[in-house]
Amino acid sequence: MQKIMKKILESLILPVVVYIIFLILSPATFSKPSSLYIMFLQAIIPAVMGWGLCFMLISGLWDFSLGAVSVLVGIVAADVGLTYGVIPMLITAILFGIALDTVTGIIYALFRIPSIVVTIAMALIYEAVGSLYKGGSGFTIPRKITILGNPPFNFIIGICAFLIAYMLFNYTGFGTHVRAIGSNEQLVKNMGIRPTQVKLACFIVCGFFVGIAALLQLSYGGSMIPKSGLESMTMVFQPIMGVFIGLSLAKICNIIIGVFIGEFTMCIISTGMIALGLPSALQNVVIGIFLLVFLIVSMNPKMLSSLKKRKTVPINS
Amino acid sequence: MKRVRKLIALILMCAVMFSIVLTGCSSVGASTANSDMNSKVTSAQATSLKKFKVGLSIWGTSDALGKSCSDLVKSSVEALGGETIVDASGLMPEKQISSVENLISSGCDALTICPFSDSILPKVSQLCTEAKIPFTIYFRKIQDLAVKKAVESSPYYVGNCCEDETTAGYNVTKSLADKGCKKILLISMPRGDTTAENREKGVNKCVQETGMKIVSECRDINQASDATKAVESAIAAFPDLDGILFASSGTFGFSGAIQALKQHDKVGKIFVASIDFPNDLQEAFKDNTIAGMCGGHFADPMFTVILLYNRLAGTPLADKPVTLNLPFTYLKSAADADNYYKYFTGSIPLYTANEVKQMVKFYNKDMSLEKLTQIMQNYGLDDAVKRHKNLVK
């Protein structure tokens, strides 16, 4: 029990420390529970996308088409939602997300092209399809069908997505295979598991989560417009940053929880910088520095401990 | 099996290239509304002018402003018997240079561009001069004197059309001040964009004059959900926030901001002002969320195309480069918004085929630079309603 408590506390150190820093710098904003609530809700969308992405990253795959898939799914789901309502919109988003990422996965598995190349190429295609879909001007949905992007529904969907990700990763053969591929792909091959099939399944699972994230994003903002020239790739960066933090926290907590902690921390930072009135260019600098420092610290524990030792060793020795 | 794989890989590559070409450069077909208008013009006139290809280099055609710009240019060029090649290149300097190169290699006889900043114009001018094709600039004026001198020295530079962005920035900010706003969130483009910077000059001037404060700014809006998030964060950070100002990005960010206001029960407590009209203004007007709205300037590239067409037809409106000014349209009520969507972006083009032809000297001998300027000075909601009240149902 003590071990579990210790692990929980350790994994919460990062967001708590970041929160305390901003609480000191901007007490008016960070002392209110409502601010914390907003940051928590804002972390849901990147976290859902991040859960999909972490299956990919762990198995050694990159997916830069997530943003384009999210935009295209959002556009088609909005169109369906306008005609048929919320439930068909939800189903469309999930199925279409799975379908698009399955196509990407099949191309990857069939031609064995590096995932970065395949996903960038597919991002271009998905963006193009979005730009051509029904005139290419995107869709704005009325408020009555945006309920899924607002509490309590976004919270419920977020919890469901978390449970699915957690179960898939920890309690299924697929999750075991993903973790095994991440550790040693050659060994997995020798065990008779076909990594290509597992990786294809990663694309499908990722598509499921991106479909949910696209639905939440559409319902949260109320509209979705197509993107072109790989502009959609910028949508991948926040989820990726959260996953990086989650991967580093994986030593002390489950990665699925780690990803949410990572996304939540990023939301605290962005709200904190707004509260401090930092110009947007400087905000990006702060995020970049934070991520670098965090990864340097978490990825190089030996370097840090050797630095500590150097400090404690007496000079005359 | 290897052969099949290679074949499929080839097909995929072609699909990728096709998708790039499809979104980047799209040639234009006929629009039904315009075909009806064309019937009023004699066929002898329509065939007497060569079919020119006009290139439109634009940041994108998926947002409300970009789509309206490209639709109007397409319908106008079509009315003049020409063809439009649209290249949606984003607002990145290097992409815009590639866009000009692409349009030239696509066989355009003339092109118009909305440059990211003055810095790319010497290169654009060089490319057009080498290709011997006339070019114009829309939504921008050249501010750097050295660049202006260099560009204007090209015999192929025909002129530019722009709006008074600084005054627009001032006016929409003033509308927030008039509503009693003190602390505002500024949403705009990344730094370096000439138009956004000019608007922000007006914003800053008004902020200083009225004692308002920009408590936060956001410059990376890609989707409505980004605006929702920015507004939510600003509400969390500044509980006394009472104004949101879209100096840019309002076309797609507006609905996201409204979504956040409704979610946090801030409708009527936080006011929104925007330059560039989004698609869903009526409800926001009814909710009393809007402090000021200015935009509707999407006819700007069409007027630069008119300059080009007069030049291509051998009847230039001026011997030297000209600067045209288009006034912004201000919307004050839901009825104004209704009229805007009906008369500006409805099924009938803002300028019908007949009206467009009358702006080209080849078809209308009385046309002159002064008359074109007069048409532009009249530009606005009242003018559109007056011209088309019998056409629009």
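How many residues, within region A:174-196, are surrounded by 11 or more Cβ atoms within 10 Å (Cβ to Cβ) and either over 22 Å from the mean Cα position of the chain (by Cα) or of a type in the set (Val, Ile, Thr) (or both)? Number of matching residues: 12. The one condition from (1) modelled with pLDDT of 95 or more; (2) of a type in the set (A, V, I, L, M); (3) buried (at least 24 other Cβ atoms within 10 Å of the Cβ) that A:Leu66 does not meet is (1). Checking each residue in region A:244-272 for being more than 14 Å from chain B (Cβ to nearest Cβ) and among the small types (Gly, Ala, Ser) picks out A:Gly246, A:Ser248, A:Ala250, A:Gly258, A:Gly262. Yes or no: B:Val392 surrounded by fewer than 20 Cβ atoms within 10 Å (Cβ to Cβ) and more than 20 Å from B:Ser76 (Cα to Cα)? When the stated conditions are applied, B:Val392 does not pass them. Taking region A:1-23 as the range and being touching a residue at least 40 places away in the same chain (Cβ under 8 Å) and of a type outside the set (Lys, Arg) as the test, the residues that pass are A:Ile8, A:Glu10, A:Ser11, A:Leu12, A:Leu14, A:Pro15, A:Val18, A:Tyr19, A:Ile21, A:Phe22. Being within 22 Å of B:Pro327 (Cα to Cα), crowded, with 24+ Cβ neighbours inside 10 Å and either of a type in the set (A, V, I, L, M) or away from chain A (no Cβ under 13 Å) (or both) is true of B:Phe246.
Selection of region B:47-81 for residues being among the hydroxyl-bearing types (Ser, Thr, Tyr), at pLDDT 85 or above and either in the same structural domain as B:Ala196 (by TED's automatic domain parsing) or over 27 Å from B:Ala224 (Cα atoms) (or both) yields B:Ser75, B:Ser76.
Applying a threshold of 8 Å to beta carbon distances and a minimum spacing of six or more residues, or different chains, the list of pairs starting in region B:62-84 at a residue that is farther than 22 Å from A:Leu230 by Cβ and ending at one that is among the charged types (D, E, K, R) and in a helix (DSSP H, G or I) reads B:Cys69/B:Asp300; B:Ala79/B:Lys357; B:Leu80/B:Lys357; B:Thr84/B:Lys74; B:Thr84/B:Glu78.
Would you call A:Leu230 surrounded by 15 or more Cβ atoms within 10 Å (Cβ to Cβ) and modelled with pLDDT of 80 or more? When the stated conditions are applied, A:Leu230 passes them. Counting only residues that are away from chain A (no Cβ under 14 Å) and modelled with pLDDT of 85 or more, which one in region B:181-200 is nearest to A:Ala275 (Cα to Cα)? By that ranking, first place goes to B:Lys182.
For the condition touching a helix residue (DSSP H, G or I) at 6+ places or on another chain (Cβ under 8 Å) and under 30 Å from B:Val151 (Cβ atoms), what is the one hit in B:Val385, B:Val392, B:Val356? None of the others qualify; the one that does is B:Val356. Among the criteria (1) more than 21 Å from the chain's Cα centre (by Cα); (2) surrounded by fewer than 22 Cβ atoms within 10 Å (Cβ to Cβ), the one B:Asn325 does not fulfil is (1). For B:Ile85, the requirement of being of a type in the set (A, V, I, L, M), at negative phi and touching a Ser or Thr at 6+ places or on another chain (Cβ under 6 Å) is met. Any idea which residue in region B:107-152 is surrounded by the fewest Cβ atoms within 10 Å (Cβ to Cβ), counting only those that are in contact with an Asp or Glu (Cβ under 7 Å, 6 or more places away or on another chain) and farther than 17 Å from B:Ala88 by Cα? Here the answer is B:Gln143.
Rundown of residues vs (1) in a helix (DSSP H, G or I); (2) within 21 Å of A:Ala165 (Cα to Cα), yes/no style:
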position: A:Lys6; (1), (2): yes, no
position: A:Leu9; (1), (2): yes, no
position: A:Leu41; (1), (2): yes, yes
position: A:Cys54; (1), (2): yes, yes
position: A:Asp63; (1), (2): no, yes
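Note on region A:244-317: enclosed helices (runs of 4 or more DSSP H) holding 2 or more residues that are at pLDDT 80 or above and within 19 Å of A:Leu41 (Cβ to Cβ) are A:255-275. Taking the criterion of being in contact (Cβ under 8 Å) with a residue 40 or more places away in the chain, surrounded by fewer than 22 Cβ atoms within 10 Å (Cβ to Cβ) and in a helix (DSSP H, G or I), the residues of region A:84-97 that qualify are A:Val86, A:Leu90, A:Ile94, A:Leu95.
With respect to being free of Cβ contacts under 8 Å to residues at least 60 places away in the same chain, over 21 Å from A:Ile245 (Cα atoms) and within 14 Å of chain B (Cβ to nearest Cβ), A:Ser26 falls outside the description.
The set of residues in region B:261-289 being more than 14 Å from chain A (Cβ to nearest Cβ) and either part of a loop (DSSP other than H, G, I, E, B) or in contact with a Leu (Cβ under 7 Å, 6 or more places away or on another chain) (or both) consists of B:Gly268, B:Lys269, B:Ile270, B:Phe271, B:Ala273, B:Asn288. Against the criterion of being at the interface with chain B (Cβ under 10 Å from one of its Cβ atoms), in contact with a Leu (Cβ under 8 Å, 6 or more places away or on another chain), under 30 Å from A:Ile87 (Cβ atoms) and crowded, with 19+ Cβ neighbours inside 10 Å, A:Ser219 qualifies. Among the residues in region B:45-54, are any hydrophobic (A, V, I, L, M, F, W, C), outside any loop (DSSP other than H, G, I, E, B) and either within 13 Å of another protein chain (Cβ to nearest Cβ) or crowded, with 19+ Cβ neighbours inside 10 Å (or both)? Yes, because at least one residue in region B:45-54 is hydrophobic (A, V, I, L, M, F, W, C), outside any loop (DSSP other than H, G, I, E, B) and either within 13 Å of another protein chain (Cβ to nearest Cβ) or crowded, with 19+ Cβ neighbours inside 10 Å (or both). Among the residues of region A:273-296, the one identified as within 14 Å of chain B (Cβ to nearest Cβ), over 15 Å from B:Glu217 (Cβ atoms) and either touching a residue at least 12 places away in the same chain (Cβ under 8 Å) or among the charged types (D, E, K, R) (or both) is A:Ile287. For region B:201-239, taking the residues that are under 18 Å from B:Thr173 (Cβ atoms) and among the hydroxyl-bearing types (Ser, Thr, Tyr), the one that is farthest from the other protein chains (Cβ to nearest Cβ) is identified as B:Thr210. For the residues A:Ile120, A:Ile113, A:Ile106, the requirement of being surrounded by fewer than 21 Cβ atoms within 10 Å (Cβ to Cβ), within 14 Å of chain B (Cβ to nearest Cβ) and outside any helix (DSSP H, G or I) singles out A:Ile113.
The values are calculated or read from the model by the stated rules, or taken from the named source; none is laboratory data. Everything numeric in this text was worked out from a predicted model, so none of it was measured. Quick reminder, even Gly has a Cβ in these numbers, built from the backbone with ideal geometry, and neighbours come from all protein chains shown.
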